[in-house]
1. Pairs, please: C-beta under 6 Å, at least 6 apart or cross-chain, first residue in contact (Cβ under 8 Å) with a residue 12 or more places away in the chain and in the range 63-82, second assigned to a helix (DSSP H, G or I) and small (G, A, S)?
2. For the range 41-56, which positions are without any contact (Cβ under 8 Å) to a residue 40 or more places away in the chain and either away from the ligand (no atom under 11 Å from the Cβ) or in contact with a strand residue (DSSP E or B) (Cβ under 7 Å, 6 or more places away or on another chain) (or both)?
3. Go through the range 1-26 and give me each residue that's modelled with pLDDT of 55 or more and open to solvent by less than 100 Å² (accessible area, probe 1.4 Å).
4. Just give me the residues in the range 27-40 being under 16 Å from C109 (Cβ atoms) and either free of Cβ contacts under 8 Å to residues at least 60 places away in the same chain or more than 6 Å from the ligand (Cβ to nearest atom) (or both), in sequence order.
5. Given the condition away from the ligand (no atom under 11 Å from the Cβ), in a helix (DSSP H, G or I) and loosely packed, with under 10 Cβ neighbours inside 10 Å, answer yes or no: does some residue in the range 78-91 qualify?
6. Taking the condition of being assigned to a helix (DSSP H, G or I), in contact with a helix residue (DSSP H, G or I) (Cβ under 9 Å, 6 or more places away or on another chain) and surrounded by 15 or more Cβ atoms within 10 Å (Cβ to Cβ), how many residues in the range 46-73 meet it?
7. Could you grab me the full set of residues in the range 92-115 that are assigned to a strand (DSSP E or B) and either open to solvent by 60 Å² or more (accessible area, probe 1.4 Å) or without any contact (Cβ under 8 Å) to a residue 24 or more places away in the chain (or both)?
Amino acid sequence: MATSPNLPGIAPPTPGDGDTAVLERTTQRTEPPRMYQVVLLNDDFTPMEFVVWVLQELFNKDRETATQIMLKIHIEGRGVCGVFSRDVANTKVEQVLQTAQHNGHPLQCVCEPVE
Ligand code: TYC
């Protein structure tokens with residue numbers, strides 16, 4: 001066992017005399033970042049074909065999937081187009097609204113946190 005030299009006037013540390021170091025193990029858990037779903041809303045005026053095009057161009061859906069999502073929105077009133085980080089989700093909403101406005105359609109789009 002290693003021994004420390006005895007210096008005059010300084011007692012070597014002995015267990016339990018207050019010089020014992022206690023190492024605490026702390027576990028830091030970082031929550032995963034919150035995710036946001038982009039939701040398209042139904043209306044009576046936006047052409048179905050335009051919604052399918054938006055889903056293909058802005059949400060990278062193939063034509064079949066885009067058509068299914070569009071029909072779900074048409075029937076149920078709303079539908080999820082994708083799940084993203086907050087910044088990307090907000091950008092997608094802006095892109096949908098700008099594109100719809102530019103083409104004269106009232107298509108509405110929102111983003112909401114995923115539970
Ligand atoms: N309901 C529209 C129509 O009958 C189609 C539509 C689908 C509009 C989805 C918006 O998010 C939407 N032309």
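The values are calculated or read from the model by the stated rules, or taken from the named source; none is laboratory data. Keep in mind it's a predicted model, so treat the numbers as computed, not measured. Because the Cβ atoms are built from the backbone with ideal geometry, glycine has one as well, and the counts that use them run over all protein chains shown. Calculation scope for accessible area: heavy atoms of the full protein, side chains included, ligands and nucleic acids excluded. Shrake-Rupley method; radii C 1.70, N 1.55, O 1.52, S 1.80 Å.
1. So the pair list comes out empty.
2. Within the range 41-56, the subset without any contact (Cβ under 8 Å) to a residue 40 or more places away in the chain is 42, 44, 48-49, 52-53, 55-56.
Scanning the range 41-56 gives N42, W53, L55, Q56.
3. First, pick out the residues of the range 1-26 that are modelled with pLDDT of 55 or more: 8, 18-26.
Scanning the range 1-26 gives G18, T20, A21.
4. Just the residues of the range 27-40 that are under 16 Å from C109 (Cβ atoms), to begin with: 36-40.
Scanning the range 27-40 gives Y36, Q37, V38, V39.
5. Within the range 78-91, one or more residues are away from the ligand (no atom under 11 Å from the Cβ), in a helix (DSSP H, G or I) and loosely packed, with under 10 Cβ neighbours inside 10 Å.
6. 14
7. Taking the range 92-115 as the starting set, the residues that turn out to be assigned to a strand (DSSP E or B) are 108-113.
Once the filter is applied, which keeps residues that are assigned to a strand (DSSP E or B) and either open to solvent by 60 Å² or more (accessible area, probe 1.4 Å) or without any contact (Cβ under 8 Å) to a residue 24 or more places away in the chain (or both), the range 92-115 yields only Q108.
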